[in-house]
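We did not get these values from a lab; they are worked out from the coordinates using the rules stated. Owing to the predicted nature of the structure, the values given are computational and were not obtained by experimental measurement. Note that we place each Cβ from the backbone using ideal geometry, even for glycine, and neighbour counts take in every protein chain shown.
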Amino acid sequence: MRAPPVILFSGIKRSGKDTAATLLALELERLCFGLRTDIKGFATPLKELINRVFPFLPYNALHGSDSEKEAHLSWQESSFSGVEFRQELTGLLQEPGLRVDMICKAFEERVMAMRAVARIEGDRLICPGCSGRKLAQQIGTEIFRNMIDDNFWVNLAIAEIADQAHLPFPTTSIFTDARFPQEIETGVFATAPLIFVKGRGGTGDSHSSEAMVSDPGFPDRVLARPHGYVVDNSGTLDDLRAQMKTIAQKLTEQA
């Protein structure tokens, strides 16, 4: 049996996408001899960049549980500068010049705004209203997508998938955070299986990254795709596991 090279998960935040993706990956590896699954997100490079640029940021603020991602940021004060961000940005864009200057200025303004509302508790700054999730939204969308390229993170993902095609073993990339139209309609993602997880989550987030997946009509769009599935995660973990087993079986039969 073979598995598709790319699979997408979508849904509102806290719907259980990561859990469902992990269960699906285990079942695909059981069904397909030698398969390696790679669970990731369009936001993975963004989170890695933020961790390098913000050395004070707790790792779990971006990579931890939902409660850790939503928690108020807290860090030991340090003499932060935009030097690290400029170096990262120049490497990603592979260009110096005025555009880098403009983006760095916008980035530093956001950092200053975050610090402006912070309060001091002992040797730490507490930033109410700003979480790791919100920081990633602001940098990933307001800066990279809006100021550089709407497809910035999608293009990075497509390049990574192309590199994986040369590996000596079969690999399936499972993206757990398809939230924008470009992430389900561009290149290889346009024909990839798309799994929408519903039944949990939802905290009234008005950010643009939640707009598509919060649309009541979006599940119907998913089912209209040749390989679209809607998963109900309102039950138990065993219920979710059973649904993932069924989908894994269908995906390997169709691949």
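Tell me, what HN-Hα J-couplings in whole Hz come from the Karplus equation 6.51 cos²θ - 1.76 cosθ + 1.60 at θ = phi - 60° for each residue of segment 172-187, using x for Gly and Pro?
Once rounded to whole Hz, the list reads 10, 8, 10, 9, 9, 9, 6, 10, 10, x, 4, 7, 10, 10, 9, x.
Compute the FRET efficiency between L223 and T22 as 1/(1 + (r/R0)^6), taking r as their Cβ-Cβ distance and R0 = 30 Å, and round to the nearest 0.05.
0.80
Computed from the coordinates I sent, Rg and Dmax of the Cα atoms in Å equals one of (1) 25.8, 77; (2) 20.4, 66; (3) 19.3, 59. Tell me the label.
After the calculation, the listed value that fits is (3).
Taking every DSSP beta bridge with both residues inside the chain, roughly what % is antiparallel (nearest 5)?
Taking every DSSP beta bridge within the chain, about 35 percent pair in antiparallel fashion.
Would you mind ranking Y59, Y229 by Cβ crowding within 10 Å, fewest neighbours first?
Y59, Y229
Can you give me the C-alpha center-to-center distance between segment 223-240 and segment 1-69, rounded to a whole angstrom?
Segment 223-240 and segment 1-69 have Cα centres spaced 17 Å from each other.
Specify the residue with the greatest mean-square fluctuation among G64, G132, G16, computed from a Gaussian network of the chain linking alpha-carbon atoms under 10 Å apart.
Taking springs between Cα atoms under 10 Å, the residue moving most is G64.
If amide H atoms are built 1.01 Å from N in the plane of the peptide, which residues on other chains or at least 5 residues away come under 5 Å of the amide H of C130?
When sequence neighbours closer than 5 places are left aside, the close amide H contacts are L73.
For T172, which sequence-distant residues (separation of 5 or more, or a different chain) have an amide H within less than 5 Å of its own amide H, given hydrogens modelled in the peptide plane?
R36, T37, D38
What number, rounded to the nearest 500 deg cm²/dmol, is the helix-based mean residue ellipticity at 222 nm of the chain, given -39500 (n - 2.57) per DSSP H run of at least four residues and division by all its residues?
Only helices count here, giving -13000 deg cm²/dmol.
Among the complete DSSP H segments of the chain, which ones combine at least 20 Å of alpha-carbon extent along their axis with a mean Kyte-Doolittle hydropathy of 0.0 or more?
17-31, 98-116
Check which residues have an amide H placed less than 5 Å from F196's amide H, if you skip close sequence neighbours.
S10, Y229, V230, V231
Among H63, H166, what is the fewest-to-most ranking by other Cβ atoms within 10 Å?
H166, H63
Can you run phi through the Karplus equation (6.51, -1.76, 1.60; θ = phi - 60°) for segment 132-146 and list ³J(HN,Hα) in whole Hz, with x for Gly and Pro?
Once θ is set to phi - 60°, the couplings for segment 132-146 become x, 5, 5, 4, 5, 4, 5, 6, x, 9, 5, 9, 6, 6, 7 Hz.
Over the chain, what is the mean sequence separation of C-alpha contacts under 8 Å (at least six apart), divided by residue count, expressed as relative contact order in percent?
RCO, the chain: 38 percent.
Counting other beta carbons within 10 Å of each residue's own, what order do K105, K17 fall into, fewest first?
K105, K17
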